[in-house]
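Visitor: Take a look at this one; I'll ask things after.
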Amino acid sequence: MDIDTAERLAGQIESKELTLRDLFASDPKRAEKMTVSAAGWTLDYSKNLVDEPTLKLLLKLAEKADLKAEIERMFTGEHINRTENRAVLHTALRSAKTSGLVVDGQDVYADVHKVLGQMGDFSDLVRSGKWKGATGKRIKYVVNIGIGGSDLGPAMAYQALLPYSKRSIRCFFVSNVDATHLAETLLQVKADQTLFIIASKTFTTQETMTNARTARAWLVERLGEAAVSRHFVAVSTNTAKVAEFGIDPANMFVFWDWVGGRYSLPSAIGLSLMIAIGRANFKRLLSGYEAMDKHFRTAAFRRNLPVLMALLGILYSNGYGADSYAVLPYDQYLARFPAYLQQLDMESNGKSVDRSGEPVDYMTGPIVWGEPGTNGQHAFYQLIHQGTRLIPADFIGFCRSHNPLGDHHDKLMANFFAQTEALAFGKTAEQCRAEGVPEELVPFKTFEGNHPTNTLLADELTPKTFGALIALYEHKVFVQGILWDIFSFDQWGVELGKVLAGKILKELSDPALPLDHDSSTNALIARYRAAKR
Ligand code: G6Q
């Protein structure tokens with residue numbers, strides 16, 4: 001991060017003590033000036049603790065980090081994922097272009113569209129009932145087995161786009177190696193009408209392979225070995241491992257090492273979603289992503305949604321010391337969106353060394369959390385309103401509901417608007433007194449306000465607006481990674497988890513093995529060994 005600009009920023013924040021009441025009072029056009037639109041979304045960022053000079057300094061940070069050039073490096077396939085020596089090309093997955101990008105000898109767009117065509121053909125077969133199970137029945141259940149990036153995207157998106165899905169096919173997502181996840185899912189499906197999609201970039205992930213093997217055995221027990229080819233397909237970059245598992249590579253949908261797991265929903269990892277919503281809606285989803293990609297790549301930073309949201313996030317993390325931000329979708333279909341963003345943001349920017357390998361001396365990726373409104377209002381909003389921490393929040397809402405029952409939607413959105421207003425402007429002691437609040441209760445009923453929010457509003461949750469929303473956050477995270485000078489596209493912490501458990505697994509299954517961990521871990525393993533079945 002450019003230290004000089006960051007220090008000036010900190011100086012400004014300390015000297016000014018901005019309040020949203022003053023900022024709005026001093027400029028009647030504030031909301032108009034601080035509202036920008038792109039790809040079906042309107043971002044109103046006026047309820048942020050930012051004035052023009054602060055915004056200028058934030059934009060300077062972007063300039064100093066050479067952000068424009070960094071964006072181009074990503075879009076054109078440079079190996080910006082340096083610790084894994086890979087390009088980062090998830091934006092190529094949603095480009096309508098079919099040629100014109102050759103990276104490391106690969107005709108990227110051509111390959112992307114080839115796989116999209118293969119996915120589309122397969123989805124058509126499953127949706128139309130032409131793809132039959134081993135006993136001649138059509139598929140009614142799709143079980144995606146994957147974890148992390150091979151699960152969170154499709155699981156979240158399936159829920160988000162349920163109104164667009166074929167309701168006669170139900171999708172399930174099994175990720176946890178806890179057998180309960182698979183067992184409870186298998187209770188809800190019938191073997192001869194189930195398609196298992198084994199989704200794993202590496203095809204070596206312990207959780208996924210364990211669930212996949214157990215699912216395979218379950219199916220073979222019911223329908224015989226020959227049924228596997230009608231009931232199992234794979235999504236992976238690793239053809240050899242797919243074949244070794246016993247899935248015909250003809251039933252495999254590929255993607256590439258330049259697609260990071262948490263960015264992989266628009267790749268073949270989205271196969272379950274495409275089966276659910278159909279190829280045309282999947283295409284609309286991709287076009288929404290692409291609209292935001294184009295906006296991000298071309299719009300001036302001052303009007304660039306991902307850039308503005310990234311800069312404001314940096315203001316709160318580094319200027320105000322905020323540890324977290326909340327994502328509050330006022331739409332039940334987006335219930336899993338905060339969980340999805342947790343991986344996208346925290347796995348990408350949960351880093352503490354800069355790009356030259358030196359420890360950073362500033363805060364990087366924040367904690368992301370949230371729940372759909374209005375549920376959160378009856379739970380944790382209290383702390384946002386009256387607690388001691390600064391928690392910036394993104395409010396995400398839609399003008400029209402897919403379920404226009406009575407006045408539900410107006411009520412939902414009345415809460416949506418009321419909350420950002422109350423968070424910004426609070427309620428003063430004078431207002432309380434004017435309302436007749438007894439003096440001894442005034443301190444408790446006073447709301448300081450000055451809690452910053454972004455409001456993101458679209459007409460309707462459609463595949464297109466939804467794709468644009470995901471891309472918006474992807475690019476926000478990218479910008480922050482650049483400004484913090486960290487690598488956002490590796491995840492060595494996850495890799496560590498993948499190897500750590502291996503040693504202990506052996507010790508759990510062989511009680512004769514000596515334990516040489518610390519005294520705490522040794523005692524806990526011994527306790528488990530003594531009580532396990
Ligand atoms: C995502 C991470 C991680 C990954 C899972 C699953 O960016 O790399 O969440 O997606 O560990 O990996 P596989 O797809 O290889 O099974």
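Every number here is computed from the coordinates shown, using simple stated rules; none is lab data. No experiment lies behind these values; they were computed from the predicted model shown. Neighbour counts are summed over all protein chains in view; Cβ atoms, including those assigned to glycine, are modelled from backbone coordinates with ideal geometry.
Visitor: For segment 283-299, what does the Karplus curve 6.51 cos²θ - 1.76 cosθ + 1.60, with θ = phi - 60°, yield as ³J(HN,Hα) per residue in whole Hz, taken in order and with x for Gly and Pro?
Guide: Taking θ as phi minus 60°, the curve returns 5, 5, 4, 4, 5, x, 4, 5, 4, 6, 4, 5, 4, 4, 6, 10, 6 Hz for segment 283-299.
Visitor: Among 433, 127, 527, which comes first, second and so on when ranked by fewest other beta-carbon atoms within 10 Å?
Guide: With the fewest neighbours first, 433, 127, 527 line up as 527, 433, 127.
Visitor: Another question, if that's okay. Whose amide H sits under 5 Å from the amide H of residue 394, counting only residues 5 or more places off or on another chain, with H placed in the peptide plane?
Guide: Close amide H contacts, sequence-distant or interchain: 326, 327, 328, 454.
Visitor: Find which of 240, 258, 491 sits farthest along the positive direction of the dipole of the chain, computed with +1 on the beta-carbon of Lys and Arg, -1 on that of Asp and Glu, about the Cα centre.
Guide: 240
Visitor: Give me the one-decimal nm value for the distance between modelled label points at residue 162 and residue 222, 7 Å along each residue's Cα-to-Cβ direction.
Guide: 2.3
Visitor: Give me the lysines in straight-line cross-link reach of residue 283: C-alpha distance below 26 Å, same-chain residues under 8 apart excluded.
Guide: The qualifying lysines are 97, 114, 130, 132, 140, 166, 201, 294, 464, 476.
Visitor: Turning to a different aspect of this structure: Helix 3-16 against the longest principal axis of the chain: what's the angle in degrees, Cα atoms only, rounded to the nearest 10?
Guide: Helix 3-16 and the main axis of the chain meet at about 50 degrees.
Visitor: With an 8 Å Cα cut-off and a minimum separation of 6 or more residues, compute the relative contact order for segment 258-388 in percent.
Guide: Values: 99 pairs, mean separation 28.8, N = 131.
That works out to 22 percent.
Visitor: Quick check: Cα centre of segment 440-462 to Cα centre of segment 304-372, how many Å?
Guide: Computed from Cα coordinates, the inter-centre distance equals 19 Å.
Visitor: Name the residue farthest towards the positive end of the dipole of the chain from the options 465, 136, 420, assuming +1 on Cβ of Lys and Arg, -1 on Cβ of Asp and Glu, about the Cα centre.
Guide: 136
Visitor: How high is the relative contact order of segment 67-210, given as a whole-number percent (alpha carbon pairs under 8 Å, six or more residues apart)? Numbers along the way, then the final one.
Guide: Values: 167 pairs, mean separation 27.9, N = 144.
Contact order relative to length: 19 percent.
Visitor: In the neighborhood of residue 182, defined by Cβ-to-Cβ distances under 15 Å, what is the net charge if each Lys or Arg adds +1 and each Asp or Glu adds -1?
Guide: Within the 15 Å Cβ shell, the charges total -2.
Visitor: Hey, another quick one. May I ask you to derive the relative contact order of the chain, considering only C-alpha pairs under 8 Å and at least 6 residues apart, and to give it as an integer percent?
Guide: Details: 882 pairs, mean separation 100.3, N = 533.
The normalised contact order for the chain reaches 19 percent.
Visitor: Roughly what % of DSSP beta bridges within segment 298-447 run antiparallel, to the nearest 5?
Guide: Working: 2 of 9 bridges.
Roughly 20 percent of the beta bridges in segment 298-447 run antiparallel, per DSSP.
Visitor: Taking a point 7 angstrom from the Cα of residue 78 along the C-beta vector, which residues in segment 277-316 have backbone N less than 16 Å away?
Guide: Under 16 Å, as judged by backbone N against the label point of residue 78, lie 297 of segment 277-316.
Visitor: Hey, another quick one. For the chain, give me the percentage of DSSP beta bridges that are antiparallel, rounded to the nearest 5 percent. List each step's numbers first, then the result.
Guide: On the way: 14 of 44 bridges.
The answer is about 30 percent antiparallel.
Visitor: For residue 523 and residue 85 in the same chain, what is the full-extension length gain: residue separation times 0.36 nm, less their Cα-Cα distance, in nm?
Guide: Once the chain is fully extended between residue 523 and residue 85, it gains 153.6 nm.
Visitor: With the crude spin-label approximation of a point 7 Å out along Cα→Cβ, what separation in nm comes out for residue 375 versus residue 358?
Guide: Rounded to a tenth, the inter-label distance reads 4.5 nm.
Visitor: At a Förster distance of 41 Å, what's the computed FRET efficiency of residue 298 paired with residue 367, Cβ-Cβ distance as r, to 0.05? Can you show the working numbers first?
Guide: Details: r = 32 Å, r/R0 = 0.77.
Working from the Cβ atoms, E equals 0.80.
Visitor: On to the next question. Set the Förster radius R0 to 51 Å, insert the Cβ-Cβ distance between residue 229 and residue 323 as r into 1/(1 + (r/R0)^6), and round the FRET efficiency to 0.05.
Guide: About 0.50, to the nearest 0.05.
Visitor: Using a cut-off of 24 Å between alpha-carbon atoms, which lysines can reach residue 532, once sequence neighbours fewer than 8 places away in the same chain are excluded?
Guide: 498, 503, 506
Visitor: With a Förster radius of 45 Å, plug the Cβ-Cβ distance of residue 51 and residue 439 into 1/(1 + (r/R0)^6) and report the FRET value to the nearest 0.05.
Guide: On the way: r = 35 Å, r/R0 = 0.78.
FRET efficiency, residue 51 to residue 439: 0.80.
Visitor: Let me ask something else. Take the alpha-carbon centre of segment 68-136, take the same for segment 479-513, and report the distance between them in whole Å.
Guide: Each part's Cα centre sits 27 Å from the other's.
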